[in-house]
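Data block below; observations after.
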Amino acid sequence: PGTAARAALPRLVQLLGDRQTPDVVARSAAIALGRISGPEDGEIVDILGNAALHDEDFGTRQFALLAIGRLYERTSSNDEAALRRKSTAQAFLVDALRRPTHKQQKPYAALALGLFARGDPTFRSVTAAPALVGLRVALVDGFADEADPSVQGAIAIAIGLSGTTDAAAALRLQL
């Protein structure tokens, strides 16, 4: 994103955090933050995580989850602090999938994980980091354990986005 877009970050953060912001504007702010910011913007990852957990509007919570996935889908950094934030963000999304605070959170957490994984070039590697293997396991187990067909569908999409082949057997059972 260009300089003009990044200049909007403080205002977007303000809009997302202000309880007086109309829900539709807060949702848009979450999406924009995921589009404009990068892993080097650790405070924005924290703000999106906070919105995903605590915003009063479920739509804003859902879009904040997707924004975290989107942020890591297209950006990569070898900076040590950025790698720690990435690991924390991944753990947050896996937890939101495995132990959602509300049933509506689960499909969005899955989709965010799919985006997150799609952006990591090592995700499909047999030598992937243990945390990435844990992400694959979370998606595959989430699919196999889910009874709600609509949530299961979202997890299947996330598996497709991630490119993992570990779920082939579980997916075939549902066909």
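If you keep only loop residues by DSSP, which GluC sites (Glu not before Pro) in the range 1-70 have at most 13 other Cβ atoms within 10 Å of their Cβ?
For GluC sites (Glu not before Pro) across the range 1-70 that sit outside H, G, I, E and B with at most 13 neighbouring Cβ atoms in 10 Å, the list reads E40, E56.
Net charge around L115, counting only other residues with Cβ within less than 11 Å of its Cβ (Lys, Arg = +1; Asp, Glu = -1)?
Taking every Cβ under 11 Å from that of L115, the sum is +1.
Can you give me the solvent accessible area of F92 with a 1.4 Å probe, rounded to the nearest 10 Å²?
Counting only protein heavy atoms, F92 exposes about 50 Å² to solvent.
Treating the angle as unsigned and between 0 and 90°, give the value, to the nearest 10°, between the Cα long axis of helix 105-118 and the longest Cα principal axis of the chain.
Compared with the principal axis, the helix lies near 90 degrees.
Rounded to the nearest 10 degrees, what's the angle between the helix 80-98 long axis and the longest principal axis of the chain, both from Cα atoms, 0 to 90?
It is inclined by approximately 60 degrees.
Considering only protein heavy atoms and a 1.4 Å probe, what is the carbon-and-sulfur percentage of the accessible area of the chain?
Within the chain, the accessible surface is 56 percent carbon and sulfur.
To test your reading of the geometry: what angle, between 0 and 90 degrees and rounded to tens, separates the Cα axis of helix 42-54 from the longest principal axis of the chain?
Roughly 70 degrees between the two axes.
Take the Cα radius of gyration of the range 54-143 and divide it by 2.2 N^0.38 Å, with N its residue count; two decimals is plenty.
Normalised by 2.2 N^0.38 Å, the Cα Rg of the range 54-143 equals 1.04.
Please compute the net charge surrounding S37, taking Lys and Arg as +1 and Asp and Glu as -1 over other residues with Cβ under 14 Å from its Cβ.
+2
Provide the solvent-accessible area of H54, counting protein heavy atoms only and rolling a 1.4 Å probe, rounded to the nearest 10 Å².
110
Putting +1 on Lys and Arg Cβ atoms and -1 on Asp and Glu Cβ atoms, find which of A51, G2, G134 reaches farthest to the positive end of the dipole of the chain.
The Cα lying farthest towards the positive end belongs to G2.
Taking all pairs of different Cα atoms in the range 18-175, averaging 1/r and flipping that mean, what Kirkwood radius in angstroms comes out?
Kirkwood hydrodynamic radius for the range 18-175: 15.5 Å.
The values are calculated or read from the model by the stated rules, or taken from the named source; none is laboratory data. Every value quoted in this text rests on a predicted model; they were computed, and no experiment measured them. Using ideal geometry, Cβ is built from the backbone for each residue, glycine included, and neighbour counts are taken over all protein chains shown. Surface accessibility is based on the protein's heavy atoms, side chains included, excluding ligands, DNA and RNA. Shrake-Rupley method; radii C 1.70, N 1.55, O 1.52, S 1.80 Å.
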